[in-house]
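Asks: What follows is a single structure, and I will ask about it in a moment.
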Amino acid sequence: QEFMPTEFDWRIGIFGKKPLWACRYYMAERHWQVVNWSEGGAAREGMSDAVPLDLIPPRVLKAALAAANLVGDGLYGVDLKEVKGKPFIIEVNDNPSIDSGVEDLLLKDHLYHSIMQVFLDRLKRVTEAGVAHD
């Protein structure tokens, strides 16, 4: 993977093939990554900020959805860089962390309710289909 210096990385949280949240993770101070894993010391992280989905550049959101949807309909955190207006997929994280005060900063409990709603909808579909489980 080519090194692409950027001020921040995007993470778009997607569940059930729908975007739920977005964050920008800034590079750690005087470092080229979001987290500086220094030898013998504590990890230093860059700042982060949650961003409303309607303020995400459309190309970034479209690329994140396309990447996650190739994997499935689970809970994914798609990491991207944006260089000269073009999104680049860094990775698709299966079951990404959702930290209090970071990813949920804007949505608060609504983020967790949205996640639980996906589970509830899936359970209802299984029940309605009459599928038995062991």
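The values are calculated or read from the model by the stated rules, or taken from the named source; none is laboratory data. As the structure is a computational prediction, the values presented were derived from the model and not from experiment. Note that each Cβ is placed from the backbone with ideal geometry, even for glycine, and that neighbours are counted across all protein chains shown. Note: areas computed on protein heavy atoms with side chains; ligands, DNA, RNA excluded. Shrake-Rupley method; radii C 1.70, N 1.55, O 1.52, S 1.80 Å.
Asks: Past the 18 Å Cα-Cα mark, which pairs from 62/84; 86/108; 17/62?
Replies: Too far apart for the 18 Å limit: 86/108.
Asks: Find how much the distance from residue 35 to residue 47 grows on full extension, using 0.36 nm per residue of separation minus their present alpha carbon separation; answer in nm with one decimal.
Replies: 3.3 nm
Asks: Please report the carbon-and-sulfur percent of the accessible area for the chain; probe 1.4 Å, protein heavy atoms only, DNA, RNA and ligands left out.
Replies: Of all accessible area on the chain, carbon and sulfur atoms account for 55 percent.
Asks: Another question, then. When volume of the Cα convex hull per residue in Å³ is calculated directly from the model, which label among (i) 183; (ii) 132; (iii) 153 fits?
Replies: Recomputing volume of the Cα convex hull per residue in Å³ here picks out (iii).
Asks: Be a star and scan the stretch 1-20 for residues whose amide nitrogen sits under 20 Å from the point 7 Å along the Cα-to-Cβ vector of residue 83.
Replies: 1-12
Asks: Name the residue, out of 63, 43, 22, whose mean-square fluctuation peaks in a Gaussian network model built on the chain with Cα pairs under 10 Å.
Replies: Fluctuation is largest for 43.
Asks: Taking all protein chains together and a probe of 1.4 Å, list 70, 123 from the most accessible to the least accessible.
Replies: 70, 123
Asks: I would also like to ask the following. So how exposed is residue 32, as accessible area in Å² (1.4 Å probe, rounded to 10)?
Replies: 150 Å²
Asks: Shifting gears a bit: Using a ≥ b ≥ c from the Cα gyration tensor of the stretch 72-126 (square roots of the eigenvalues), is it rounded, prolate or oblate, where a/c under 1.5 gives rounded and otherwise the larger of a/b and b/c decides, a/b for prolate?
Replies: Verdict is oblate for the stretch 72-126.
Asks: Projected onto the charge dipole of the chain (+1 at Lys/Arg Cβ, -1 at Asp/Glu Cβ, origin at the Cα centre), which of 27, 58, 13 gives the Cα projection farthest towards the positive end?
Replies: After comparing all options, I get 58.
Asks: Quick check on the chain: helices-only [θ] at 222 nm, where DSSP H runs of length 4 and up contribute -39,500 (n - 2.57) each and the sum goes over total residues. Nearest 500, please.
Replies: -9000 deg cm²/dmol
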